[in-house]
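Just so you know, all these numbers are worked out from the coordinates, no wet-lab data involved. Bear in mind that the values here come from a model prediction, so they are computed numbers and not experimental data. Every residue, glycine among them, receives a Cβ derived from its backbone with ideal geometry; neighbour counts consider all protein chains shown.
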Amino acid sequence: MTPEDIEHLAATLKARSGLILGSDKTYLIESRLSPVARREGFANVSALLSALRTKRDEKLMASVTDAMTTNETFFFRDKAPFDQFKSDILPALAKARLSGDLKVWCAACSTGQEPYSLAMLMDEAKPQFPRINLDILATDISDRCLEKAQAGLYTQFEVQRGLPITMMVKHFEKVDEMWRISPKLRSSIRFKKLNLLEDLRSVGRQDVIYCRNVLIYFDIETKKRVLEQMATLLADDGCLFLGAAETVLGITDAFKPMPGMRGLYIKNAASAQTGARRTA
Ligand SMILES: C[S@@+](CC[C@H](N)C(=O)[O-])C[C@H]1O[C@@H](n2cnc3c(N)ncnc32)[C@H](O)[C@@H]1O
């Protein structure tokens, strides 16, 4: 791999997905792009990178960008963001809205475990909030991830990661060696391709945003741009969940941390003391 090839790859990834290549880049590039090189008929990763630089092959660039994204996820990841939603956010917003749609956006949903975890929670909480409909929008930049999320088919290993056995029995059925989520939960989520670097206005007003474990891959300017767009979409009494290693502090004043709730943020400018704010 020549330094020029690596530089070109880094610039392509940053422009297309916001991903900043870290210092361990050679290993990462080799391990993520070897399967792409093989699949696309290149002798090795170096040949793939040099083709990427010399030909403007949109399909190849899309495959490389997709392969370089980190898609790690699992059901009820980190637990707290789901416990907080169930015990504080959902009751507070349901009280403020009384009835109708409560809009939740999973802004980097990967293979679907995050939105399906929320759909399972809502299914359990439904008798308490019969008039509230949880409208879940789940987006990601990766076609490969969205396809898997939409299929709702998981391996034994994936369903064993974070998913309580009672929920597995209730919401999944075994299909050969895989586990398929129920059609009811599958149809309760709208999956859509969306790049967070784009204009996000098409997403519309949201009550809760989960943007977890994706900003960590962006530089500060990109994080700021994404967060500030999210603030304009979020209802004044809504809230934003970030990943355990992510924060708004030092990046933007559009949000502030919710006291006592790690990873949870509310809008700074909003003064309304309703919904999620009541729990602060
Ligand atoms: C590590 S996963 C996080 C999944 C889930 N939110 C969680 O916390 O378990 C990061 C996801 O962000 C997606 N992603 C990366 N860059 C993106 C971008 N510019 N726009 C939208 N999604 C992006 C990747 O495709 C990947 O599925």
>> Taking θ = phi - 60°, what integer Hz values does the Karplus form 6.51 cos²θ - 1.76 cosθ + 1.60 yield along the range 126-136, in sequence order, with x for Gly and Pro?
In response: 3, x, 6, 10, x, 8, 9, 10, 7, 9, 9
> What full-extension length gain, to one decimal in nm, is calculated for Ile6 and Glu72 as 0.36 nm per residue of separation minus the Cα-Cα distance?
Replying inline: 21.4 nm
> If you stretched the chain out fully between Ser87 and Ser99, how much longer would it get, using 0.36 nm times the residue separation minus the C-alpha to C-alpha distance?
Replying inline: 2.5 nm
>> Taking 8 Å as the Cα distance limit and 6 or more residues as the minimum spacing, I'd like the relative contact order of the chain as a percentage.
In response: 18 percent
> Each residue of the range 148-157 in turn: what ³J(HN,Hα) in whole Hz from Karplus with 6.51, -1.76, 1.60 and θ = phi - 60°, glycine and Pro shown as x?
Replying inline: 5, 4, 5, 5, x, 10, 10, 7, 4, 4
> In terms of modelled amide H atoms, which long-range or inter-chain residues lie less than 5 Å from the amide H of Leu134?
Replying inline: Leu102
> Once label points are set 7 Å from the Cα along Cα→Cβ at both Val175 and Ile220, what is their separation, rounded to one decimal in nm?
Replying inline: 4.7 nm
> Which Cys in the chain stand alone, with every other cysteine's Cβ at 4.7 Å or more from theirs?
Replying inline: Cys145, Cys211, Cys239
>> Loop only by DSSP, 15 or fewer other Cβ within 10 Å of the Cβ. Give me the trypsin sites (Lys or Arg not before Pro) in the range 15-74 that pass, ordered by residue number.
In response: Lys55, Arg56
> What angle, in degrees between 0 and 90 and rounded to the nearest 10, separates the Cα long axis of helix 25-39 from the longest principal axis of the Cα atoms of the chain?
Replying inline: 80 degrees
>> In whole Hz and in residue order, list the ³J(HN,Hα) couplings for the range 140-145 that follow from phi through the Karplus curve 6.51 cos²θ - 1.76 cosθ + 1.60, θ = phi - 60°; x for Gly and Pro.
In response: 7, 7, 8, 4, 4, 5
> Can you pull out the GluC sites (Glu not before Pro) in the range 1-86 that DSSP calls coil and that have at most 13 other Cβ atoms within 10 Å?
Replying inline: Glu72
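Counting DSSP beta bridges in the range 80-279, what percent are antiparallel, to the nearest 5?
35 percent
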> Sequence-distant or interchain residues sharing an amide H contact under 5 Å with Gly243, placed H: which?
Replying inline: Asn213, Val214
> Between rounded, prolate and oblate, where does the chain land on the alpha carbon gyration tensor, with a ≥ b ≥ c its root eigenvalues, rounded for a/c under 1.5, else prolate if a/b exceeds b/c?
Replying inline: oblate
>> Please report the projected area of the range 3-68's Cα convex hull averaged over all directions, in nm².
In response: 3.9 nm²
>> Using a Förster radius of 25 Å, what is the FRET efficiency between Glu198 and Arg32 based on their Cβ-Cβ separation? Nearest 0.05, please.
In response: 0.60
